[in-house]
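Peer 1: Input: one structure, supplied below.
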Amino acid sequence: MPIPRRYTTEAIVLSRFDFGEADRILTLITPGSGKLKAIAKGIRRPTSRLGGSLEPFAELQVALARGRTFEVVTQVSVGHAWLNLRDSLESAATAWYLAELADRSLEERHAAEPIYILLRHAYGLLDAGMAPGRVARWYEMHLADELGMRPEVDRCAECDRMLDAEGRFRWVPQLGGVLCDRCPGPGHDRAGLSLDGLKLLKAYQRLDIEAIAALRLPDAAEREVETAMREFIRHALEREARSLAFLDEIRSPDGRPGSTTVPPPSDEAPIGGRA
Ligand SMILES: [Zn+2]
């Protein structure tokens, strides 16, 4: 069935940049049409009816008209805004990072309902005050799952042997997960993964989010799993997320203090304007 020329959909803004004198181009994720680019004409004029509603960190209802290059936004209203998420710079920077991963994972105009739901859920968790690092790891793990790249954390990715607690492990994203110590493989020179790290990776895969929120963990295991999952995602998406540089800068204890406003990401410059 052909898609009608005008339609209304739920959408979340993944990124945006200003275009021309008063327009803005947005990358949206929608449940039914996946990722799409839309132009909001005249939105930067004070008189624009689209005005302040077409913002990130909210689930929107947008009316779109199909265009040759971009959809054209004709109307927008806010369905649900995650307002608390914006109060913490780390939560907001994490939200941009999650949006960037969704953006990079999707092709335009391919249905993406599971990833839409995942992003919406993650924004709800950030909004509710869950530790941003936990939300990010949970999201990365489930995103990999949705992309058909579920990390192997139960069996050796090379020889298929069940990993046992007495063994030693290595994390090799190129092979899809954990290697046992009997397999030389291309990861023989890699640093080991601790048993705590392995357990935490399993927890992100198996536990529901409430149980993950309640976990008490050594910092070292959290850091190890952060490194492991970032590397896994970088390998899966074939590049580093630009928004990580900003996220890491605001978290760095010896970095410059972050500003209290989150710079909007754009397709032209990385967040914070840094290369
Ligand atoms: Zn093995």
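The values are calculated or read from the model by the stated rules, or taken from the named source; none is laboratory data. Since the structure is predicted, the reported quantities are computational estimates derived from the model, not experimental observations. When we count neighbours, we look across all protein chains shown, and the Cβ atoms used for this are built from the backbone with ideal geometry, even at glycine. For the accessible areas, the whole protein counts, side chains as well, though only heavy atoms, and no ligand, DNA or RNA atoms are used. Shrake-Rupley method; radii C 1.70, N 1.55, O 1.52, S 1.80 Å.
Peer 1: Starting from region 138-162, take each residue that is of a type in the set (Asp, Glu) and list its partners that are within 16 Å of the ligand (Cβ to nearest atom) and not in a helix (DSSP H, G or I), counting only C-beta distances under 7 angstrom and pairs at least six apart or across chains.
Peer 2: Hits for this filter: Glu152/Gly176; Glu152/Gly177; Glu152/Val178; Asp154/Met162; Asp154/Leu163; Glu158/Leu179; Glu158/Cys183; Glu158/Gly185.
Peer 1: Say whether the condition of being within 16 Å of the ligand (Cβ to nearest atom), open to solvent by less than 60 Å² (accessible area, probe 1.4 Å) and either of a type in the set (A, V, I, L, M, F, W, C) or over 23 Å from the mean Cα position of the chain (by Cα) (or both) is met by at least one residue in region 211-234.
Peer 2: So the first thing to find is which residues in region 211-234 are within 16 Å of the ligand (Cβ to nearest atom), and the list is none.
No - not one qualifying residue is present in region 211-234.
Peer 1: Does Ala92 fit the bill of being in contact (Cβ under 8 Å) with a residue 60 or more places away in the chain, in a helix (DSSP H, G or I) and surrounded by 16 or more Cβ atoms within 10 Å (Cβ to Cβ)?
Peer 2: yes
Peer 1: Just give me the residues in region 141-155 being surrounded by fewer than 20 Cβ atoms within 10 Å (Cβ to Cβ) and either part of a helix (DSSP H, G or I) or away from the ligand (no atom under 16 Å from the Cβ) (or both), in sequence order. I'd like the intermediate steps shown before the answer.
Peer 2: At the first step, the residues of region 141-155 found to be surrounded by fewer than 20 Cβ atoms within 10 Å (Cβ to Cβ) are 145-150, 152, 154-155.
Scanning region 141-155 gives Asp145, Glu146, Leu147, Gly148, Met149, Arg150.
Peer 1: On the basis of being within 16 Å of the ligand (Cβ to nearest atom) and within 18 Å of Ala221 (Cα to Cα), does Arg161 make the cut?
Peer 2: On the way: within 16 Å of the ligand (Cβ to nearest atom): yes; within 18 Å of Ala221 (Cα to Cα): no.
Here the answer is no, as Arg161 does not meet what is asked.
Peer 1: Can I ask one more? Condition (residue is open to solvent by 30 Å² or more (accessible area, probe 1.4 Å) and within 16 Å of the ligand (Cβ to nearest atom)) applied to region 131-140: is it met by at least one residue? Steps first, answer last, please.
Peer 2: Of the residues in region 131-140, the ones open to solvent by 30 Å² or more (accessible area, probe 1.4 Å) are 131.
Cutting the leftovers down to within 16 Å of the ligand (Cβ to nearest atom) gives us none.
No, that holds for no residue.
Peer 1: Which residue out of Leu118, Leu106, Leu98, Leu125 is touching a Phe, Trp or Tyr at 6+ places or on another chain (Cβ under 6 Å), within 23 Å of Tyr204 (Cα to Cα) and of a type in the set (A, V, I, L, M, F, W, C)? Give the derivation first.
Peer 2: Details: Leu118 fails: touching a Phe, Trp or Tyr at 6+ places or on another chain (Cβ under 6 Å); Leu106 fails: touching a Phe, Trp or Tyr at 6+ places or on another chain (Cβ under 6 Å); Leu125 fails: touching a Phe, Trp or Tyr at 6+ places or on another chain (Cβ under 6 Å).
Unique residue meeting the criteria: Leu98.
Peer 1: Name every residue in region 29-83 that is at positive phi and in a loop (DSSP other than H, G, I, E, B), in order of residue number.
Peer 2: Within region 29-83, Gly42, Phe57 qualify.
Peer 1: I'm trying to understand the selection: among the residues of region 99-119, which are among the charged types (D, E, K, R) and open to solvent by less than 80 Å² (accessible area, probe 1.4 Å)?
Peer 2: Glu100, Asp103, Arg104
Peer 1: Do you know which residues across region 60-74 are open to solvent by less than 20 Å² (accessible area, probe 1.4 Å) and not small (Gly, Ala, Ser)?
Peer 2: So the first thing to find is which residues in region 60-74 are open to solvent by less than 20 Å² (accessible area, probe 1.4 Å), and the list is 60, 62-65, 71, 73.
Matches in region 60-74: Leu60, Val62, Leu64, Glu71, Val73.
Peer 1: I'd like the full set of residues that are at negative phi, within 11 Å of the ligand (Cβ to nearest atom) and surrounded by 15 or more Cβ atoms within 10 Å (Cβ to Cβ), limited to region 168-202.
Peer 2: Matches in region 168-202: Phe169, Arg170, Val172, Leu175, Val178, Leu179, Cys180, Cys183, Gly187.
Peer 1: Still on this model: Out of all the residues in region 23-41, which are modelled with pLDDT of 95 or more, over 18 Å from Gly79 (Cβ atoms) and open to solvent by less than 10 Å² (accessible area, probe 1.4 Å)?
Peer 2: Ile25, Thr27
Peer 1: Is it the case that some residue within region 35-56 is within 15 Å of the chain's Cα centre (by Cα), under 23 Å from Asp145 (Cα atoms) and touching a residue at least 12 places away in the same chain (Cβ under 8 Å)? Step through it out loud before you land on a result.
Peer 2: First, the residues of region 35-56 that are within 15 Å of the chain's Cα centre (by Cα): 35, 56.
Among the residues that remain, those that are also under 23 Å from Asp145 (Cα atoms) are: 35.
Now narrow it down to the ones that are touching a residue at least 12 places away in the same chain (Cβ under 8 Å): 35.
For region 35-56, residues within 15 Å of the chain's Cα centre (by Cα), under 23 Å from Asp145 (Cα atoms) and touching a residue at least 12 places away in the same chain (Cβ under 8 Å): present.
Peer 1: In region 156-167, what residues are open to solvent by 90 Å² or more (accessible area, probe 1.4 Å) and closer than 18 Å to Ala203 by Cα?
Peer 2: Met162
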